[in-house]
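Data first, discussion second: the structure below is written as structure tokens.
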Amino acid sequence: MSVKIKDFSDVEYVLPGSAACAGCPSTIALRIVGKALGENAIMLMTPSCAVASIGLLPKSCYSLPTLNICFASAGASAGGLSLALDALYEKGRLKGEKPTVFNWVGDGGTYDIGLQGISAAAERNDDFIHFCYNNEAYSNTGVQRSGATPLHAITTTTPLGKEVHRKNVPLLMLEHRIPYVATASLAYPMDLYRKVAKAKSIKGFKYIEIHAPCYPGWKFASSDTVKMSRLAVKSGAWLLWEGEYGRLTLNNPTSLLAKGKMELLPVEEYIKSQGRYAHLMKSPDKKSYLAELEEEVKRGLKFMAGRAELI
Amino acid sequence: MKKILDTGNAACALAVKAAKVDMVAAYPITPQTSVAEKLAAYIGSGELQAKYLPVESEHSVMSAVAAAAAVGARVFTATSSQGLLYMHEILHYAAGGRLSIVMANVNRAVCAPWCLYVDHQDGVSQRDTGWIQLYAASNQEIYDSIFLAYKVAEAINIPVMVNYDGFLLSHSMMPFEIVDQEIIDEFLPVFQPDWRLHPDWGGTFGNVTPSDEYAPFRNRLADDMIKAGELIKNYAREYKELTGHWHGDLFDVYRPEGGEYFLLSMGSMAAEMELAVDILRKEGIPATGLRLRVFRPFPGAELSRLLPPDAKLLVFDRNHAFGTGGGVLLSEAKSVLFDRKDQVKITGQVMGLGGEDLPGDYLAQKAREMMEVLK
Ligand SMILES: Cc1ncc(C[n+]2csc(CCOP(=O)(O)OP(=O)(O)O)c2C)c(N)n1
Ligand code: SF4
Ligand SMILES: [Mg+2]
């Protein structure tokens, strides 16, 4: 399926008046996701920037029916809601086509507090899409570390830089051998759109994680959200891939980078304008820090390319 | 109608089947487990046309049924003890969200230390979550309470917890009468909520809310909770007319005639309390049993009405209200009777924790001790 931006629907599911920061990655991503899913959908959200920016009751900047659930609840709530819809449609209590059920959840709600419930929903193959917009921190509560915060990044709870690696939750999802899992980037909207449309067409558990550079958290210019997304992919700091039932495929440009058909951008190009890494750039050990991060990127690329060869 | 001999858990599962729920989610914990298993079996065999979600924890149980209730499904779950405590966050969400959930809580002590047997600490610890709480004292009452719970929950959009004692009821065989399905269907028609979280209805649920909007939501829940008392009374009567089954409305009163000493308790110990009342009456002590059926909303006005001038209230708590020197029922009773101008006297004791046996003669002895205190 090849889609062009001009083919995207005119309907907006994120309405003017959102309280999100200008250039918020969650808002940009949700606009595209809404267009790919259409209006027959039900959204669930856990406490996050996406919820804080809804606007105060009785107003909402999201035009889809939305359930604002508790922080650790995404997997079970979406699974329960979807199963209840199955029951009601089977009994004829509801008529027409079952809406697409999807979660819109941050990395905190996905990698940390909600991981157990999401893993369980994946294992049960509950019928919904879990979207994780990964801004690599708890942004809503003022940018604390999460399990998705990368090595050396400064957050308010890692004031000297995070000393340990981030988790790889998309890979964990792949190993749940669910019908569909994908990573995506704001800089590649057609790829994102295609993946959402594909997830919508599949019954069972689907997981899509969208890299979400957050300028107040990462400390870069608010106009650079998409640029930062692109640099992450081109430097190999964020990999684009999709998987079905445990079979993994790398997507371009990640696939070209893995094959050496495209040159990796130095990681420095990606991190140098992010304030969360400023301490590295100013450090007398800058060189060795950069070498460590390059190593980290290459390991990730090699690992996923190798995994793609397996099955 | 036919009479059968089975356990409290079986009575519960049979009632849930007859209530034709749409969805069940549950996580096993002693002594609740066989409720979850029986319902999974009914759904597996097609006897109950519903979906079963085998979740991985109780936090997820309540998250799942809350979301399912938001799309207008009739849902059920059951738990005990640690499982109920683990749900706590979502119990608040379910009540605040006005979701018509029914849950059985098979009462069991909480840890530490670990203990598998009955007390009421699990249930009373959820006192202020905004759930209606019923306490049953027989397998028949468990069975009947499930229908009452749905009727009330769906009429007033407040979730209902049906409590019954672990092992003493959950695992004890007792005869109880099964009501014909047509009668249940008449009492409890298909759930047709005014609103569902669905594109056909639109709207959002649980938004961030400014203070001036938030307070009315919470205050409405508080007001409706009080109104739920009347509903319970009315529906219990309606159910009696259809089935002949009656367990009292807010209280089940035993030997009210000429009572001076009122022995207040709830759950299966209150059934044993009838023996204690008989023993005391034989000794010439004008004792009356008050079995609380509805812990939330707390029937304060009803309690006051039941107590004649200068009555003496003896409270038997199967739980602690730590830091008050007594149990939760004692605190509740004292607070609702505070405004009485006459000399109602109140005292209480905590007993029966972790399944400690409470035979009638023991309860009578405890009552005598409490009478001494009031002298
Ligand atoms: C049980 C619970 N603990 C803590 C919080 C406070 N809290 C609200 S949002 C949030 C962080 C959300 O992080 P993430 O999911 O990554 O979303 P983001 O804010 O980054 O968009 C936290 C810790 C909460 N709402 N509930
Ligand atoms: S802090 Fe980041 S994620 Fe949150 S609203 Fe602002 S840009 Fe969006
Ligand atoms: Mg985040």
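The values are calculated or read from the model by the stated rules, or taken from the named source; none is laboratory data. Predicted model only: the values in this text are computed from it and were never measured. Glycine gets a Cβ as well: all are built from the backbone with ideal geometry, and neighbour counts include every protein chain shown.
Within region B:35-54, can one find any residue that is β-branched (Val, Ile, Thr), away from chain A (no Cβ under 14 Å) and out of contact with any Ser or Thr (no Cβ under 6 Å at 6 or more places or on another chain)? There is at least one residue in region B:35-54 that is β-branched (Val, Ile, Thr), away from chain A (no Cβ under 14 Å) and out of contact with any Ser or Thr (no Cβ under 6 Å at 6 or more places or on another chain).
Per-residue answers, yes or no, for (1) buried (at least 19 other Cβ atoms within 10 Å of the Cβ); (2) in contact (Cβ under 8 Å) with a residue 60 or more places away in the chain; (3) among the β-branched types (Val, Ile, Thr):
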| site | (1), (2), (3) |
| --- | --- |
| B:LEU275 | no, yes, no |
| B:LYS282 | no, no, no |
| B:PHE295 | yes, yes, no |
| B:ALA311 | yes, no, no |
| B:VAL328 | yes, yes, yes |
| B:SER335 | no, no, no |
| B:VAL350 | yes, no, yes |
| B:ALA367 | yes, yes, no |
| B:GLU372 | no, no, no |
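Would you confirm, using the coordinates I've provided, whether A:VAL226 is away from ligand 2 (no atom under 16 Å from the Cβ), assigned to a helix (DSSP H, G or I) and of a type outside the set (D, E, K, R)?
Judged against the criteria, A:VAL226 is not a match.
Within region A:150-168, is there a residue that is within 16 Å of ligand 2 (Cβ to nearest atom), within 17 Å of the chain's Cα centre (by Cα) and either within 14 Å of another protein chain (Cβ to nearest Cβ) or hydroxyl-bearing (Ser, Thr, Tyr) (or both)? No; the residues of region A:150-168 include none that is within 16 Å of ligand 2 (Cβ to nearest atom), within 17 Å of the chain's Cα centre (by Cα) and either within 14 Å of another protein chain (Cβ to nearest Cβ) or hydroxyl-bearing (Ser, Thr, Tyr) (or both). Among residues of region A:235-261 being within 15 Å of A:GLU209 (Cα to Cα) and among the aromatic types (Phe, Trp, Tyr), the one that is surrounded by the most Cβ atoms within 10 Å (Cβ to Cβ) is A:TRP238. Just one residue in the set A:LEU264, A:LEU280 is among the hydrophobic types (A, V, I, L, M, F, W, C), part of a loop (DSSP other than H, G, I, E, B), modelled with pLDDT of 95 or more and crowded, with 16+ Cβ neighbours inside 10 Å; that residue is A:LEU264. Residue check: B:GLN82 meets all listed conditions (1) closer than 17 Å to B:SER34 by Cα; (2) crowded, with 24+ Cβ neighbours inside 10 Å but one, namely (2). Surrounded by fewer than 22 Cβ atoms within 10 Å (Cβ to Cβ), in a strand (DSSP E or B) and away from ligand 2 (no atom under 16 Å from the Cβ) - does that describe any residue in region A:186-194? No, there is no match, as no residue in region A:186-194 is surrounded by fewer than 22 Cβ atoms within 10 Å (Cβ to Cβ), in a strand (DSSP E or B) and away from ligand 2 (no atom under 16 Å from the Cβ). Residue count for region B:1-26 satisfying the condition of being surrounded by fewer than 24 Cβ atoms within 10 Å (Cβ to Cβ) and within 17 Å of B:VAL75 (Cα to Cα): 5. In region A:126-141, of all residues being touching a strand residue (DSSP E or B) at 6+ places or on another chain (Cβ under 9 Å) and part of a loop (DSSP other than H, G, I, E, B), the one that is farthest from A:ALA182 (Cα to Cα) corresponds to A:ASN140.
Out of A:SER18, A:SER26, one residue alone is at pLDDT below 95, within 15 Å of ligand 1 (Cβ to nearest atom) and either part of a loop (DSSP other than H, G, I, E, B) or under 17 Å from the mean Cα position of the chain (by Cα) (or both). It is A:SER18. Which condition from (1) of a type in the set (A, V, I, L, M); (2) within 27 Å of B:ASN219 (Cα to Cα); (3) at the interface with chain A (Cβ under 10 Å from one of its Cβ atoms) is the one that B:ILE101 breaks? Looking at each condition in turn, B:ILE101 falls short on (3).
Just one of the listed residues (A:ALA212, A:ALA182) is small (Gly, Ala, Ser) and more than 13 Å from ligand 2 (Cβ to nearest atom), and it is A:ALA182.
Among what's in region A:119-148 and is free of Cβ contacts under 8 Å to residues at least 60 places away in the same chain and more than 9 Å from ligand 3 (Cβ to nearest atom), pick the residue that is nearest to the other protein chains (Cβ to nearest Cβ). Per the stated criteria, the residue is A:ALA120. Scan region A:10-25 and tell me whether some residue there is on the phi > 0 side of the Ramachandran plot and either more than 8 Å from chain B (Cβ to nearest Cβ) or in contact with a Pro (Cβ under 7 Å, 6 or more places away or on another chain) (or both). Yes. In region B:61-72 there is no residue that is surrounded by fewer than 22 Cβ atoms within 10 Å (Cβ to Cβ), in contact (Cβ under 8 Å) with a residue 24 or more places away in the chain and either more than 14 Å from chain A (Cβ to nearest Cβ) or more than 14 Å from B:VAL102 (Cβ to Cβ) (or both).
If you scan region A:206-232, which residues turn out to be surrounded by 21 or more Cβ atoms within 10 Å (Cβ to Cβ), of a type outside the set (D, E, K, R) and touching a Phe, Trp or Tyr at 6+ places or on another chain (Cβ under 7 Å)? Residues satisfying the conditions are A:ILE208, A:ILE210, A:HIS211, A:ALA212, A:THR225, A:MET228, A:LEU231, A:ALA232. Restricted to region A:116-129, and to residues there that are of a type outside the set (Val, Ile, Thr) and surrounded by 19 or more Cβ atoms within 10 Å (Cβ to Cβ), the residue that is farthest from ligand 2 (Cβ to nearest atom) is A:ARG124. Every condition in (1) touching a residue at least 60 places away in the same chain (Cβ under 8 Å); (2) part of a loop (DSSP other than H, G, I, E, B) is met by A:SER273 except one, and the failing one is (1). Residues that are within 17 Å of B:ALA94 (Cα to Cα) and among the polar types (S, T, N, Q) within region B:200-237 comprise B:THR204, B:ASN207, B:THR209, B:ASN219, listed in sequence order.
Applying the criterion of at least 3 residues that are in contact (Cβ under 8 Å) with a residue 40 or more places away in the chain and within 25 Å of A:LYS91 (Cβ to Cβ) to the helices (runs of 4 or more DSSP H) found wholly in region B:111-194 leaves B:139-156, B:181-187. With respect to A:GLU39, determine if the residue is of a type in the set (Asp, Glu), farther than 30 Å from A:VAL3 by Cβ, more than 19 Å from the chain's Cα centre (by Cα) and surrounded by fewer than 24 Cβ atoms within 10 Å (Cβ to Cβ). Here the answer is no, as A:GLU39 does not meet what is asked.
Name every residue in region A:63-74 that is buried (at least 23 other Cβ atoms within 10 Å of the Cβ) and more than 7 Å from chain B (Cβ to nearest Cβ), in order of residue number. Result: A:LEU64, A:ALA74.
Restricting attention to region A:29-43, the residues that are away from ligand 3 (no atom under 15 Å from the Cβ), within 19 Å of A:ASN134 (Cβ to Cβ) and away from every other protein chain (no Cβ under 13 Å) total 4.
Condition check for A:SER18 on (1) within 16 Å of ligand 3 (Cβ to nearest atom); (2) within 28 Å of A:LYS227 (Cβ to Cβ): one failure, at (1). In summary, helices (runs of 4 or more DSSP H) completely within region B:1-102 and bearing 2 or more residues that are closer than 30 Å to B:ALA215 by Cα, at pLDDT 95 or above and touching a strand residue (DSSP E or B) at 6+ places or on another chain (Cβ under 8 Å) occur at B:58-70.
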